[in-house]
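Worksheet for the structure shown next.
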């Protein structure tokens, strides 16, 4: 029976899982506030040992979230792909925050902006949209009947309705059971363009 390896490093809590159609074979999480490099490879080695020789696919959470974490998970997955010859699929980490059939995901996009998304049956049905604070509050009010989650450590604007939870590699794997390599790009999801601070010119 084929097995899937799933990795999500889009938040400080990294999560790795091995899944088959009949259940979870392996699950491990760890926390790193700076870089997942030092903590990833021991559980990854354990996961690969359990998944082999039946590993058929690698699933990566592509964010949005930590730029460094998502890049590390992609690099690790590409290493697995090269050595094992299996496909790798990228899925938004947002679809792995809850087992509920339909829910909202929001987050702080920084610089006075907030992002929103609407998940139904493991799909982003509205994509990811940026709002200012007023627009963000209005969007939440317009979707007041649905549960709302964030992968941020704290709820944006401390709104009590928003529950904070990290993405689950197990849920990523479940959503990835039937997708193929051509269905999704292995590219990190960014909610805003990179902000680069330019140095001030030197005064002679």
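Brief remarks follow.
- The single residue among 79, 23 that is under 14 Å from residue 173 (Cβ atoms) and without any contact (Cβ under 8 Å) to a residue 12 or more places away in the chain turns out to be 23.
- Verdict on residue 42 being out of contact with any helix residue (DSSP H, G or I) (no Cβ under 8 Å at 6 or more places or on another chain), loosely packed, with under 14 Cβ neighbours inside 10 Å, at pLDDT 90 or above and in a helix (DSSP H, G or I): yes
- Conditions (1) crowded, with 16+ Cβ neighbours inside 10 Å; (2) out of contact with any strand residue (DSSP E or B) (no Cβ under 6 Å at 6 or more places or on another chain); (3) part of a strand (DSSP E or B): number failed by residue 107: (2)
- Of residues in the stretch 49-68 being more than 20 Å from residue 180 (Cα to Cα) and at pLDDT 90 or above, the one surrounded by the fewest Cβ atoms within 10 Å (Cβ to Cβ): 49
- Condition broken by residue 88, with the remaining ones in (1) touching a strand residue (DSSP E or B) at 6+ places or on another chain (Cβ under 8 Å); (2) over 17 Å from residue 6 (Cβ atoms) satisfied: (2)
- Residue within the stretch 186-196 that is surrounded by 11 or more Cβ atoms within 10 Å (Cβ to Cβ), at pLDDT below 95 and closer than 24 Å to residue 20 by Cα present: yes
- Residue satisfying condition, being more than 18 Å from the chain's Cα centre (by Cα), assigned to a loop (DSSP other than H, G, I, E, B) and at pLDDT 95 or above, within set 157, 146: 146
- Residue match in the stretch 164-174 (condition: touching a helix residue (DSSP H, G or I) at 6+ places or on another chain (Cβ under 7 Å) and part of a helix (DSSP H, G or I)): yes
- On the stretch given as the stretch 19-33, residues that are in a loop (DSSP other than H, G, I, E, B) and surrounded by fewer than 16 Cβ atoms within 10 Å (Cβ to Cβ) total 3.
- Sole residue being crowded, with 24+ Cβ neighbours inside 10 Å, in contact with a strand residue (DSSP E or B) (Cβ under 7 Å, 6 or more places away or on another chain) and not assigned by TED's automatic domain parsing to the domain that holds residue 154, chosen from 16, 74: 16
The values are calculated or read from the model by the stated rules, or taken from the named source; none is laboratory data. The model shown is predicted, which means the values in this text are computed figures rather than measured ones. Quick reminder, even Gly has a Cβ in these numbers, built from the backbone with ideal geometry, and neighbours come from all protein chains shown.
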